[in-house]
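Structure first, then comments.
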Ligand code: CO8
């Protein structure tokens, strides 16, 4: 089925997904979320793709869940809807996903950016959790991921009092990886993804898995997962190739196994 709310592109080894509901500030409804997750899942199993970028446009990354479609929902309808649960599908993506954010990343849009592995922000990016202004709270990880990223003090202000962060503040608080001019933010994100895609593929997946483990476990469990993944890499050809290439002072040729 052709997508109606996203645009996808292959840029060499990078799979690019652009949210495309400009008339609604890229508000997230069940269709756009389903298409986004499907596209990421297709790229995830595509051997020609090593990393992905999720972007909006210069003015808006995504202005959150679609308020117009959600306004009349009952508690039961929200519980039964696959909407928020489908958001979780991004956690199963194994390859790195970079959010390229310009303009507003609000509510579910901020949560989507934070669900990615890295964020490249344009100078015009603004991050916020304005749900309190419409009588709710974040429902797709905003209270958890935001607090882990920026700390309790800033997260409380954002969630309880609609404080939005400029790109520079988000950088200072450790929410984003880099802040670049609007003209280049998408290209910078694609180049970063491309660079990662050129690295040892099995080790890239292991690195992502190990870093993400920190959000789900005690230090003891996390260290043990990391060690296990580290040991397993010694059964890959790429580990031998990488280390031999270093010793032989040449560039490694990765096989992805
Ligand atoms: N939902 C539906 N429509 C929206 C949304 C939205 N979140 N945001 C903007 N739009 C629509 C506007 O209604 C408007 O439509 P129309 O032209 O028909 O009136 C159009 O987009 C353009 O918007 P504005 O005229 O408001 O544009 P501005 O440039 O003046 O303002 C803002 C841009 C600041 C982004 C503003 O639109 C705004 O504040 N939007 C709402 C932001 C918000 O409150 N987001 C939180 C939503 S709740 C949420 O995300 C909960 C997450 C729970 C889990 C999510 C899982 C995915």
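Numbers below:
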quantity: Highest-first arrangement of 21-29, 236-244, where packing means the average Cβ count within 10 Å; calculated: 21-29, 236-244
quantity: Mean Cα-pair separation over length for the chain, i.e. relative contact order, pairs under 8 Å, 6 or more apart, %; calculated: 17
quantity: Simple label model, 7 Å out from Cα along Cβ direction - residue 71 to residue 257, nm; calculated: 5.6
quantity: Distance in nm between pseudo-label sites at residue 1 and residue 232 (7 Å out along the Cβ direction from Cα); calculated: 3.3
quantity: Cα-based helix-to-principal-axis angle, 237-247 vs the chain, degrees rounded to 10; calculated: 70
quantity: Beta bridges by DSSP in the chain, antiparallel share as percent, to the nearest 5; calculated: 25
quantity: Net lengthening on full extension, residue 249/residue 59 (0.36 nm per residue, minus Cα-Cα); calculated: 63.9 nm
quantity: FRET efficiency for residue 161 and residue 198, using Cβ-Cβ distance with R0 set to 51 Å, rounded to 0.05; calculated: 0.75
quantity: Near-label residues of region 1-38 by backbone N, under 20 Å of a point 7 Å along Cα→Cβ of residue 187; calculated: 9-18
quantity: Cα gyration tensor shape of region 1-92, rounded if a/c is under 1.5, else prolate or oblate by comparing a/b with b/c; calculated: oblate
quantity: Global form of region 99-257, assessed from the alpha-carbon gyration tensor, a/c cut-off 1.5; calculated: oblate
quantity: Computed [θ] at 222 nm, helices only, for the chain once each DSSP H run of length n ≥ 4 contributes -39500 (n - 2.57); calculated: -13000 deg cm²/dmol
quantity: Efficiency of FRET between residue 41 and residue 85 - r from beta-carbon atoms, R0 25 angstrom, step 0.05; calculated: 0.95
quantity: Three-way shape call for region 164-236 based on the alpha-carbon gyration tensor, with the a/c threshold at 1.5; calculated: oblate
quantity: FRET efficiency for residue 178 and residue 147, using Cβ-Cβ distance with R0 set to 22 Å, rounded to 0.05; calculated: 0.50
quantity: q = 0.14, 0.15, 0.20, 0.26 Å⁻¹, region 201-247: log10 I(q)/I(0) [Debye, one scatterer per Cα]; calculated: -0.37, -0.42, -0.65, -0.89
quantity: Cα-based helix-to-principal-axis angle, 30-44 vs the chain, degrees rounded to 10; calculated: 0
quantity: Cα→Cβ-extended label distance, 7 Å offset, between residue 94 and residue 223, nm; calculated: 2.8
quantity: Potential extension, residue 10-residue 78 segment - 0.36 nm per residue separation minus Cα distance; calculated: 21.0 nm
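Each reported figure results from applying straightforward, stated rules to the coordinates on display, with no laboratory input. It should be emphasised that the depicted structure is a prediction, and the values quoted were computed from it without experimental measurement. Counting neighbours? That spans all protein chains shown, and the Cβs are built from the backbone with ideal geometry, glycine included.
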